[in-house]
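A.B. asks: The structure is given below, and queries will be raised subsequently.
The values are calculated or read from the model by the stated rules, or taken from the named source; none is laboratory data. In this text, all values refer to a predicted model and were calculated from it rather than measured experimentally. Backbone-built Cβ (ideal geometry, glycine too); neighbour counts: all protein chains shown.
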Amino acid sequence: MHLLEISDLVVDHDPATLERLPVRRDAVVARLAAAGDRRGARIAAGLACDGDGVLDPCAVDRRLVAVHTELQRLSEELRIGERIAELLRPILAAASAAEPGVPLRVVDVGCGLGYLVRWLAASAVLSTAQPVDLVGVDFNAALVAEAERLARAENLPCRFVRGDAFAPDQRAPGGVTVYVSTGVLHHFRGSDLPAFFAAQSASGAAAFCHFDIAATGLAPIGAHVFHRARMRDPLGRHDGVVSARRAHDDATLLRAAGHADGMVPLVYEPRGRSNPFCTTLRPVIGVRPGLLPALREGLGRRPSGRLVGELV
């Protein structure tokens, strides 16, 4: 069965102009039904639409913001910010040592409500010789607007941009850029996954670090338990379990990351989190070869994990 997430179907944009395109509710219901997902089809059939059957964009946006607000609990409980910072610190240190004094930039791809960027800004854990420009990028205008509102309310030094993180006008004009994401990779299927990594290499990034659901047999069970316990919205519950079932295994991620020309792809294996109940998220990393020795040295002093699955 081809697994689909409702949130991927209810919003559509012109990739060139970012103009929002109308989405028909019956088309969403039909796609879910054709995939054999009767529960998803029932949830989609309850979405608000106008007299012509086109989904109400304002109602869809409110629903997605609400779901992402609930989803933030997952990031908080899994301590996503701390886990990404654990890897970002040695990556940025290696890049800064290779090019002293250059501007540093961390870009969260598919940032949603910007939890990661806001957490990094609030905690100030990326202690480096120079400030780090923290940027969140997402296609969804409603999520970006809410991320900006939250950052202003919290008076945080970070910013959010609507658009494609790898478009020429979004690339850093100079310095060191590291791309990160959480829960994004499983959305890419087929040729889109290697293209995602290839775009990061083409952008001139120094490194990337993408956390996604670990493809274990127990992941869908854990997702079901968590989302039933922590999320009220049926759409969020549905998509959370589907996300776990769509997760890519390490071999698939490494093959795809190998399309980032000029970068070394790796998987980071957290020690003490090998129990399938605990290894909920796992990162695939890519670095420029010149940074790898310093990164290994930086991680070697940490008892929490090791780099594995290298394709050299």
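A.B. asks: Can you confirm whether Val264 is under 20 Å from Ser75 (Cβ atoms) and modelled with pLDDT of 85 or more?
C.D. replies: The answer is no for Val264.
A.B. asks: Given the residues Val60, Val137, which is the only one that is under 22 Å from Asp233 (Cα atoms), modelled with pLDDT of 90 or more and either hydrophobic (A, V, I, L, M, F, W, C) or outside the structural domain of Gly183 (by TED's automatic domain parsing) (or both)?
C.D. replies: Val60
A.B. asks: Considering only residues that are at pLDDT 90 or above, hydrophobic (A, V, I, L, M, F, W, C) and within 23 Å of Val10 (Cα to Cα), look in the range 63-105 and name the one that is surrounded by the fewest Cβ atoms within 10 Å (Cβ to Cβ).
C.D. replies: Ala66
A.B. asks: If a residue has to be in a helix (DSSP H, G or I) and free of Cβ contacts under 8 Å to residues at least 60 places away in the same chain to count, how many in the range 36-59 make the cut?
C.D. replies: Looking only at that region, the number is 8.
A.B. asks: Does the range 67-115 hold any residues that are of a type in the set (Asp, Glu) and within 22 Å of His238 (Cα to Cα), and which are they?
C.D. replies: Hits for the range 67-115 are Glu70, Glu76, Glu77.
A.B. asks: Which one is surrounded by the most Cβ atoms within 10 Å (Cβ to Cβ), of the residues in the range 15-33 that are out of contact with any Leu (no Cβ under 9 Å at 6 or more places or on another chain) and of a type in the set (Gly, Ala, Ser)?
C.D. replies: The extreme case among them is Ala33.
A.B. asks: Can I ask one more? Consider Leu291 carefully, then state whether it is assigned to a helix (DSSP H, G or I), at pLDDT 80 or above and touching a helix residue (DSSP H, G or I) at 6+ places or on another chain (Cβ under 7 Å). Outline the logic, then answer.
C.D. replies: On the way: assigned to a helix (DSSP H, G or I): yes; at pLDDT 80 or above: yes; touching a helix residue (DSSP H, G or I) at 6+ places or on another chain (Cβ under 7 Å): yes.
Here the answer is yes, as Leu291 does meet what is asked.
A.B. asks: If you scan the range 199-224, which residues turn out to be crowded, with 17+ Cβ neighbours inside 10 Å, out of contact with any helix residue (DSSP H, G or I) (no Cβ under 7 Å at 6 or more places or on another chain) and either modelled with pLDDT of 95 or more or not in a helix (DSSP H, G or I) (or both)?
C.D. replies: Ser203, Ala205, Ala214, Ala215, Thr216
A.B. asks: Same structure again: Could you tell me which residue of the range 271-288 is modelled with the highest pLDDT, considering only residues that are under 14 Å from Ala215 (Cα atoms) and β-branched (Val, Ile, Thr)?
C.D. replies: Per the stated criteria, the residue is Val284.
A.B. asks: Follow-up question, since we're still on this one. Looking at the range 175-188 only, could you name the residues that are on the phi < 0 side of the Ramachandran plot and at pLDDT below 90?
C.D. replies: Val176
A.B. asks: Now for a separate question. Suppose we filter Ala151, Ala122 for residues that are outside the structural domain of Val10 (by TED's automatic domain parsing) and either surrounded by fewer than 22 Cβ atoms within 10 Å (Cβ to Cβ) or within 15 Å of the chain's Cα centre (by Cα) (or both); which single one remains?
C.D. replies: From the options Ala151, Ala122, the qualifying one is Ala122.
A.B. asks: I would also like to ask the following. Given (1) outside the structural domain of Ala122 (by TED's automatic domain parsing); (2) assigned to a helix (DSSP H, G or I); (3) under 25 Å from the mean Cα position of the chain (by Cα); (4) not aromatic (Phe, Trp, Tyr), identify the lone condition not met by Leu18.
C.D. replies: Of the numbered conditions (1) outside the structural domain of Ala122 (by TED's automatic domain parsing); (2) assigned to a helix (DSSP H, G or I); (3) under 25 Å from the mean Cα position of the chain (by Cα); (4) not aromatic (Phe, Trp, Tyr), the odd one out for Leu18 is (2).
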